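Colleague: Below is the structure I would like to discuss, written out as structure tokens.
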Amino acid sequence: MTVGREADAAWLMPRAVTRERAGVAARPDVLFGSDQGLATAAAALWLGMSLWKLALAAHIGVVWEEAHFVVAGMHPALAYPDIPAGWPLFARACVALFGWSPLAVRVPSLLVAQAVPFGIYFMAAPVVGRRGAIWAGLLSMLVPALGAGGAIFYSEAAMQLLLALMLGGLIRGMSGGQLGWWVLTGVAAGLGLFVHYRFAGVGLGILGFVLASRPGRRLWREPGFWLAGALAAAGLAPSVLYSLATHAPAISYHLLSQQAWQLNLIGPLAYVAAQAALCTPVFFLGMAAGSVRAFRRAQVGDEASTLLLWVGGVLFGAYALLSPLDQKLAPQWPIEAYVPLIAFLPGALAAYVDSARSEVHRRLRMALVGTGPVMVGVLFVLASLWTAVGWAHPDRVALSIRDRITTDYEPFAQFEPAIARAQVLARQRFGAEPLLATAGHVEAVKLEFPGQPGRQVFALGDPREMTAHFDIFRAAIHLDRRALLAEHAGAAVVILLPEPTYLYDTPAETQFRTELCNSFSDIAPVETVEASPGRLVMQTFTARVGGAAPAIARPCPFLPRIYVSRPKRTDILNPDTLKNLSGLAASPGGVARVDILLDGRAVSQGRLHQTWPGAPATSPTLAYDPDYPKLRFTFELPKAALTPGAHRLAIRVTGRDGSRTVGEDRTIYAPRSR
């Protein structure tokens, strides 16, 4: 193991010292000079990054995954349908200690994230020496894949820290260290498996190391290795027991439902490009070059480098092998691979500088290496600003990139006044305190956290939650539609439903709304609330649980009579998208006319009773219209009416009995001419 340490120590030693040893006059032209200077620079960077992430944590809106972890933690279990129990239980402890607020969980999560550089130093020190380890810790704050975590309550940083601690303990245990290092290895591995199933990939890397490498095979005779394995298995045991009791929903989700198995030969190129972007190309290539150098050292007996290469290589390579087949491969999944591989990055950068052919070229390379981290820091700040503004205030970002921010991240606190108004009306209608229900688990947890402490929200079974099996979790805590109907029949309820983008063009969504019509009675719409900038719309209703007649051949408020499929909300229209716009209109007496309103003024008329190949079948719940099933219409928007900027689009339906109904309007945009 000393081979790698001595080699990297030579690479990273201040050049002034190496020149003196060679009999050349010393010139202190190495960044930060002594180890103390380097450590001071790392500490300053750590403090600045900590303060910046804390500021972000205080301003970014709560994302639904954070709410999911907190709410799950309020209902302790061996595991959950999509995740182990570790991170939700950590959330529960944070809330118990610091209160019911986003910062109560984000500050502890930030501390975990900011401990990662120290964990990497601990891991790298026996491999590349003290100075190389300081550099590795410093660079880990600048590689976005490792340094960007901490502003939100997410488990990636915890897995990175636990992996670094596990590898640091294992390296020391292999070199004949005390039993405590093996205990640390096992505890860190067990906690990693208790936090996320992806940590199992680390186990595959360890298995390859102990099966295929000479230094690894001797560990089979090491009692500490078996103790560490037992402790790691203990961390996985609760999830195994949960899976045996619940037909393994997590396995079904992660291996089947979450994936899109389809051959795509471009996948490997996209995978490498995404990883290079997450690390920045310079650092990505540096880790690759450092891994090659470490491989050469591993060939001459450097067991620590061999271990790190096996773990990092398996974590990175496993997802690379899946990239031609899995079209939903998330770019953050291989991030843990960079924890062991970053130990080799400082040596690669130093070797790049020292391999220059002349002093001028060497100084140019030093400038590149020195200014590169600064540019990475600037990019990280800009990306953080994008995150803060984009997720919390999508109305403030450019139109051309707004659609890339999913509405799942828009804060639900803006709907609290509408909920309060609906609750007042429900009390007046039914003379009782109403329950609260919403479409699915995602909306439910966003209403529960950081909403009113102790609030319980029923999830009504939105089709989206079947993929991650959130319906299993909601059923287990008796906050699903079945529990609502069985245990609260006749109760008053306020229902908050998001407006789906393609209601009647998504059969599963239409069927879901139909089931809701059959689950509630005395349904009365209250209001529609549009969150800025107009992509997320929530509708509130008051109703009574159960007692409904079948929703066939009768209007149901959950299924609107006027529906627009194109343009969708906040669409940016150009001359090529002004035609073949479409929607659906129904009326008990039949529809005589459809007018298209732009900013309150009729600008065109819809063509009724249209159909086209591939259009989903019209829902039978609209059979009360005499023209059923030919209820679709198409329309066009005149170019002259679309001046640059925002416009409000609405549909006015005139029935054969002379009645008029105007549907919910929506914001659309016309771009400025180039």
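The values are calculated or read from the model by the stated rules, or taken from the named source; none is laboratory data. Keep in mind that what you see is a predicted model, and the values were worked out from it rather than measured. Counting neighbours? That spans all protein chains shown, and the Cβs are built from the backbone with ideal geometry, glycine included.
Colleague: Filter the range 280-338 down to the residues that are modelled with pLDDT of 90 or more and β-branched (Val, Ile, Thr), then identify the one that is nearest to Phe380 (Cα to Cα).
Modeller: Ile335
Colleague: Moving on. Looking at Leu345, Leu382, which one is modelled with pLDDT under 90, within 19 Å of Leu146 (Cα to Cα) and part of a helix (DSSP H, G or I)?
Modeller: Going through Leu345, Leu382 in turn, the sole match is Leu382.
Colleague: When you scan the range 353-363, do you find a residue that is in a helix (DSSP H, G or I) and modelled with pLDDT of 90 or more, even just one?
Modeller: no
Colleague: If I filter the range 214-242 down to residues being touching a Leu at 6+ places or on another chain (Cβ under 8 Å) and small (Gly, Ala, Ser), which single residue comes out as modelled with the lowest pLDDT?
Modeller: Gly216
Colleague: For residues in the range 571-599 being of a type in the set (Ser, Thr, Tyr) and surrounded by 19 or more Cβ atoms within 10 Å (Cβ to Cβ), which is nearest to the chain's Cα centre (by Cα)?
Modeller: Only one residue tops the list, namely Ser582.
Colleague: Is it the case that some residue within the range 648-662 is outside any strand (DSSP E or B) and touching a Lys or Arg at 6+ places or on another chain (Cβ under 8 Å)?
Modeller: no
Colleague: Sticking with this one: Among the residues of the range 518-533, is any buried (at least 17 other Cβ atoms within 10 Å of the Cβ) and of a type in the set (Gly, Ala, Ser)?
Modeller: Checking the range 518-533: at least one residue is buried (at least 17 other Cβ atoms within 10 Å of the Cβ) and of a type in the set (Gly, Ala, Ser).
Colleague: Evaluate the range 97-105: report whether one residue or more is out of contact with any Gly (no Cβ under 7 Å at 6 or more places or on another chain), part of a helix (DSSP H, G or I) and among the hydroxyl-bearing types (Ser, Thr, Tyr).
Modeller: No, there is no match, as no residue in the range 97-105 is out of contact with any Gly (no Cβ under 7 Å at 6 or more places or on another chain), part of a helix (DSSP H, G or I) and among the hydroxyl-bearing types (Ser, Thr, Tyr).
Colleague: Residue by residue through the range 651-666, note down the ones that are buried (at least 16 other Cβ atoms within 10 Å of the Cβ) and within 16 Å of Val603 (Cα to Cα).
Modeller: Ile651, Arg652, Val653, Thr654, Gly663, Asp665, Arg666, listed by residue number.
Colleague: Could I ask something else about it? Filter the range 588-644 for residues that are among the β-branched types (Val, Ile, Thr), closer than 13 Å to Arg561 by Cβ and assigned to a strand (DSSP E or B) and give the result.
Modeller: Val591, Val594
Colleague: Please verify whether Arg464 is assigned to a helix (DSSP H, G or I), without any contact (Cβ under 8 Å) to a residue 40 or more places away in the chain and crowded, with 24+ Cβ neighbours inside 10 Å, treating the condition exactly as stated.
Modeller: For Arg464, the condition - assigned to a helix (DSSP H, G or I), without any contact (Cβ under 8 Å) to a residue 40 or more places away in the chain and crowded, with 24+ Cβ neighbours inside 10 Å - is not met.
This table checks each residue for (1) in the same structural domain as Asp522 (by TED's automatic domain parsing); (2) at pLDDT 95 or above; (3) in a helix (DSSP H, G or I); (4) buried (at least 20 other Cβ atoms within 10 Å of the Cβ).
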position	(1), (2), (3), (4)
Phe415	yes, no, yes, yes
Ala418	yes, yes, yes, no
Val424	yes, yes, yes, no
Gln428	yes, yes, yes, no
Glu433	yes, yes, no, no
Gln452	yes, no, no, no
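Colleague: Something else now. If you take the residues in the range 620-649 that are hydrophobic (A, V, I, L, M, F, W, C) and within 34 Å of the chain's Cα centre (by Cα), which one is modelled with the lowest pLDDT?
Modeller: If we take residues in the range 620-649 being hydrophobic (A, V, I, L, M, F, W, C) and within 34 Å of the chain's Cα centre (by Cα), then Ala646 is modelled with the lowest pLDDT.
Colleague: Cβ-Cβ below 6 Å, separation at least six or inter-chain, first residue in the range 320-337 and farther than 19 Å from Leu146 by Cβ, second modelled with pLDDT under 85 and aromatic (Phe, Trp, Tyr): which pairs?
Modeller: From the range 320-337, the pairs are Leu325/Trp261.
Colleague: Which condition number in (1) over 17 Å from Gln539 (Cβ atoms); (2) assigned to a loop (DSSP other than H, G, I, E, B); (3) among the aliphatic types (A, V, I, L, M) is the one that Leu503 fails?
Modeller: Of the numbered conditions (1) over 17 Å from Gln539 (Cβ atoms); (2) assigned to a loop (DSSP other than H, G, I, E, B); (3) among the aliphatic types (A, V, I, L, M), the odd one out for Leu503 is (1).
Colleague: Checking Gly301 against (1) within 30 Å of Arg172 (Cβ to Cβ); (2) in contact with a helix residue (DSSP H, G or I) (Cβ under 7 Å, 6 or more places away or on another chain); (3) buried (at least 16 other Cβ atoms within 10 Å of the Cβ); (4) not β-branched (Val, Ile, Thr), only one condition comes out false. Which one?
Modeller: Tallying (1) within 30 Å of Arg172 (Cβ to Cβ); (2) in contact with a helix residue (DSSP H, G or I) (Cβ under 7 Å, 6 or more places away or on another chain); (3) buried (at least 16 other Cβ atoms within 10 Å of the Cβ); (4) not β-branched (Val, Ile, Thr), Gly301 fails exactly one: (3).
Colleague: Ok, one more. Would you point out the residue of the range 545-572, among those that are of a type in the set (Lys, Arg) and within 18 Å of Thr514 (Cβ to Cβ), that is modelled with the highest pLDDT?
Modeller: In this case the residue turns out to be Arg561.
Colleague: Can you list residue pairs whose Cβ atoms sit under 9 Å apart, with the first residue in the range 604-629 being at positive phi and the second being part of a loop (DSSP other than H, G, I, E, B)? Count only pairs 6 or more apart in sequence or on different chains.
Modeller: His609/Asp627; His609/Lys630; His609/Leu631
Colleague: Filtering the range 489-515 down to residues that are farther than 21 Å from Lys568 by Cα and in contact with a Leu (Cβ under 6 Å, 6 or more places away or on another chain), which residue is surrounded by the fewest Cβ atoms within 10 Å (Cβ to Cβ)?
Modeller: Here the residue is Ala491.
Colleague: Quick check, is Leu325 touching a strand residue (DSSP E or B) at 6+ places or on another chain (Cβ under 6 Å) and surrounded by fewer than 17 Cβ atoms within 10 Å (Cβ to Cβ)?
Modeller: yes
Colleague: Would a scan of the range 289-297 turn up a residue that is exposed (fewer than 15 other Cβ atoms within 10 Å of the Cβ), over 27 Å from the mean Cα position of the chain (by Cα) and in contact (Cβ under 8 Å) with a residue 12 or more places away in the chain?
Modeller: no
Colleague: For residues in the range 54-86 being in contact with a Leu (Cβ under 7 Å, 6 or more places away or on another chain), of a type in the set (A, V, I, L, M) and in a helix (DSSP H, G or I), which is surrounded by the most Cβ atoms within 10 Å (Cβ to Cβ)?
Modeller: Across the range 54-86, the extreme among qualifying residues is Ala57.
Colleague: Ok, one more. For the range 91-114, name all the residues that are small (Gly, Ala, Ser) and crowded, with 18+ Cβ neighbours inside 10 Å.
Modeller: Ala91, Ala104, Ser109, Ala113
Colleague: Just for the range 273-311: of the residues that are outside any helix (DSSP H, G or I) and of a type outside the set (Ser, Thr, Tyr), which one is farthest from Val353 (Cα to Cα)?
Modeller: Ranking the qualifying residues of the range 273-311, first place goes to Gly301.
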